[in-house]
Amino acid sequence: MQESSSSPSMQELMMVNTPNIYCLVKGASEGRTRLNAFDNSLLNAGVGDTNLMRMSSILPPGAAQRSINDIELPGGGLIPLAYASIDSTTPGRYISSAIAVGIPEDDSEPGVIMEFEDHSRLDNVESIVRQMVIDAFEYRKRKLKEIKSIGVEHKVENCASTFAAAVLWYE
């Protein structure tokens, strides 16, 4: 079968560009169901009209941080990200999600992204996820320049979800 010149070749389809920017986002919400609560959390975080592609936890070398408000994610697009999420239907229970990004001293090396969620307060969850970054750099024998983190805590009313992510994208 002859491919038309406007159709991408199989080799082109299998090539994936490495993202060069990332955004830290968070959201929390109630919903009628757990899935609705999760969806509302995604909307609050600014990624609700995209298809999430969960990635393992590596930040591309030299990736620059941007605000989610400064980029345009395509509606329905396949968006790579690492994320933490938790839900609960226990009124009065605290739920928290956090993400932390470790930036290496050498910007030619990849960084790490760690995610954690729990039925607890944000200070505990964020402390754990930040330590996970420190541990990951020690395991890699890599020097850590800085840690950037974001998280969200929510006290459940009826049915709730929290979400924190590092969105990887292109500039």
query = Does Val167 satisfy the criteria of being within 18 Å of Gln65 (Cβ to Cβ), among the aliphatic types (A, V, I, L, M) and modelled with pLDDT of 95 or more?
reply = yes
task = Six or more apart or on different chains, Cβ under 8 Å: which pairs go from a residue in the range 41-69 that's under 21 Å from Gly31 (Cβ atoms) and modelled with pLDDT of 95 or more to one that's among the charged types (D, E, K, R) and assigned to a loop (DSSP other than H, G, I, E, B)? Could you list them?
result = Leu43/Asp49
message = Name the single residue that is modelled with the lowest pLDDT among those in the range 92-122 being charged (D, E, K, R) and over 16 Å from Ala28 (Cα atoms).
response = Asp107
remark   = Within the range 131-150, restricting to residues that are over 9 Å from Gly102 (Cβ atoms) and among the charged types (D, E, K, R), the one that is farthest from the chain's Cα centre (by Cα) is Lys141
note = When (1) aliphatic (A, V, I, L, M); (2) more than 30 Å from Cys159 (Cβ to Cβ); (3) buried (at least 20 other Cβ atoms within 10 Å of the Cβ) are applied to Ile99, the one that fails is (2)
query = Could we say that Ala160 is surrounded by 19 or more Cβ atoms within 10 Å (Cβ to Cβ), in contact (Cβ under 8 Å) with a residue 60 or more places away in the chain and within 16 Å of the chain's Cα centre (by Cα) here?
reply = no
message = Condition (residue is within 12 Å of Val167 (Cα to Cα) and aromatic (Phe, Trp, Tyr)) applied to the range 88-101: is it met by at least one residue?
response = no
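The values are calculated or read from the model by the stated rules, or taken from the named source; none is laboratory data. Note that the structure is a prediction, hence the values are computed from the model and not measured. Quick reminder, even Gly has a Cβ in these numbers, built from the backbone with ideal geometry, and neighbours come from all protein chains shown.
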